1. Run down the lysines and flag those whose C-alpha is under 21 Å from the C-alpha of Lys223, throwing out any fewer than 8 positions away in its chain.
2. Quote the charge dipole size of the stretch 80-237 about the Cα centre in Debye, to the nearest 20; the model charges only the Cβ of Lys and Arg (+1) and of Asp and Glu (-1).
3. Kindly point out, ordered by number, any Cys in the chain whose beta-carbon has no other cysteine beta-carbon under 4.7 Å away.
4. Suppose we flag trypsin sites (Lys or Arg not before Pro) only when DSSP calls them loop and at most 12 other Cβ atoms lie within 10 Å. Which is the longest uninterrupted stretch of the chain?
5. Given H placed 1.01 Å from N in the peptide plane, which residues other than close sequence neighbours of Ile327 have an amide H under 5 Å from its amide H?
6. Which log10 I(q)/I(0) values, to two decimals, does the stretch 203-336 give at q = 0.09, 0.10, 0.14, 0.22 Å⁻¹ under the Debye formula with one point per Cα?
7. On full extension of the chain, what length is gained from Thr350 through Lys366, given 0.36 nm per residue of separation minus the C-alpha to C-alpha distance?
8. Output wanted: per-residue J couplings in Hz (rounded whole) for the stretch 49-66, from phi through Karplus 6.51 cos²θ - 1.76 cosθ + 1.60, θ = phi - 60°, x for Gly and Pro.
Amino acid sequence: MLQRAVSQAADTITAALAVMRDPLDANELIARAQRRTDLVDFGCTPFEEPLQKLLRACREEAELSLFGRFATRWDAVRFLSNLLRLREEERRAPKILEQRVDRPIFIAGLPRSGTTFLHSLLAQDPTNLVPRVWQLIHPYPPNEPGAGPDLRPQRVARQLRMFGMLAPEFRRMHPIDASSPQECSEITAHVFASLRFDTTYHVPSYRRWLDETGHLDAYRFHKRFLQHLQHQIGVAGRWVLKCPDHIFALGALRAVYPDAGVVLVHRDPVSVLLSVARLTEVLRRPFSRHVDRREIGRQDSDRWLAATELMIEAADEERFEEPILHIHYLDLVRDPLETVATLYRHFGRTLDASAAARISRLVEAKPNGGYGTHRSRLEEYGLDPVVQRERYARYMERFGIRPEQRSSSTPSLTSGRAQVGAVG
């Protein structure tokens with residue numbers, strides 16, 4: 001027994017040392033994915049340059065922990081394996097790429113402004129199609145004879161529990177399970193052109209490169225990924241998609257989805273910055289040997305200030321076929337059902353009684369949308385609330401955003417209002 005324990009410990013140490021020595025080489029990761037899937041054809045998917053840029057930034061800037069190096073390798077091989085499988089399925093069934101993705105609705109806005117909550121409410125209507133966490137991690141079941149029942153949701157649930165042990169605060173700040181609606185940044189991450197990485201890692205050179213390169217290839221892949229999901233679902237519906245990062249890619253979004261509907265959710269930026277900085281810190285800690293709170297504060301403040309200017313520009317230009325729908329966080333949490341009904345009316349739809357009842361049950365079952373509260377202060381991230389209020393004054397004035405008062409006595413969502421800082 002002792003000998004076996006010593007042997008297992010030695011194997012674990014050897015594997016850890018191997019990961020530490022691994023230079024995160026793109027060619028090695030590609031070869032690993034090809035061996036894992038027994039497939040070699042990626043088609044014309046444009047992923048190699050983004051992968052190289054991301055891996056270089058991870059090596060040189062991210063200060064990856066042992067777990068961070070392991071997770072980066074696992075993530076990259078998973079994405080590459082999925083790309084190979086998507087291409088193989090297209091070879092088997094070319095009509096996948098003939099699937100029509102008509103009039104999707106994209107929810108965006110500042111992070112921690114209720115976009116996830118709104119997405120979850122809309123997911124209660126079975127006529128809406130939403131990408132689920134397990135579908136984006138494993139878009140196809142194992143391609144093996146006699147593989148048995150499809151256990152992808154259970155497999156992802158185990159993975160989420162493991163991450164929960166590494167970052168216990170994450171699920172209080174962002175409740176998620178294998179069947180939750182998932183953000184589109186997980187789709188574009190498959191071609192390594194996603195702002196998801198900029199949140200999880202400190203990779204400023206990668207972020208600059210992505211800003212300069214643009215997002216058109218990533219959104220073309222986004223549509224292709226939805227075609228695969230839609231082909232498997234086999235039922236008609238209208239996609240409802242969500243990610244705050246869509247704000248940075250509205251041009252690409254419009255080019256790929258000219259008939260898309262866009263919803264922007266607005267919230268007091270001071271409340272947003274406190275919540276998003278804390279979430280960024282929580283997400284980075286398992287992956288990094290060093291996390292700089294002040295650097296996170298500066299990054300988030302600058303990034304989302306730029307996003308507010310893009311939202312103002314989009315609202316003024318009205319660049320989409322249907323006018324952008326603007327929703328206020330405080331209105332959403334005061335009356336979630338009426339907010340959803342307003343959204344349906346805006347896009348020429350009717351919220352039927354069955355879907356409305358489902359939404360009401362979700363609101364009753366999950367006060368505050370399932371979110372916990374936090375006691376962080378902006379000053380911990382090097383941010384002065386007064387200065388931030390001044391920086392974001394143009395955004396608040398343009399959209400008529402009311403400042404929020406943080407108070408421990410704020411009523412819960414089920415009584416008409418969510419706790420400030422609670423709903424993401």
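We did not get these values from a lab; they are worked out from the coordinates using the rules stated. Keep in mind the model is a prediction, meaning the values are calculated, not measured. We place every Cβ from the backbone using ideal geometry, glycine too, and count neighbours over all the protein chains shown.
1. Within reach: Lys95, Lys242.
2. Here the size comes out at about 140 debye.
3. Cys44, Cys58, each lacking another Cys Cβ under 4.7 Å.
4. By the stated rule (loop sites, at most 12 other Cβ atoms within 10 Å), 101-288.
5. So Ile327 has HN proximity to Leu264, Val265, His266.
6. Evaluating at q = 0.09, 0.10, 0.14, 0.22 Å⁻¹ gives log10 I(q)/I(0) of -0.35, -0.43, -0.85, -1.40.
7. 3.3 nm
8. Listing the rounded values in order: 5, x, 4, 4, 4, 5, 5, 5, 5, 5, 5, 9, 10, 7, 6, 5, 6, 4 Hz.
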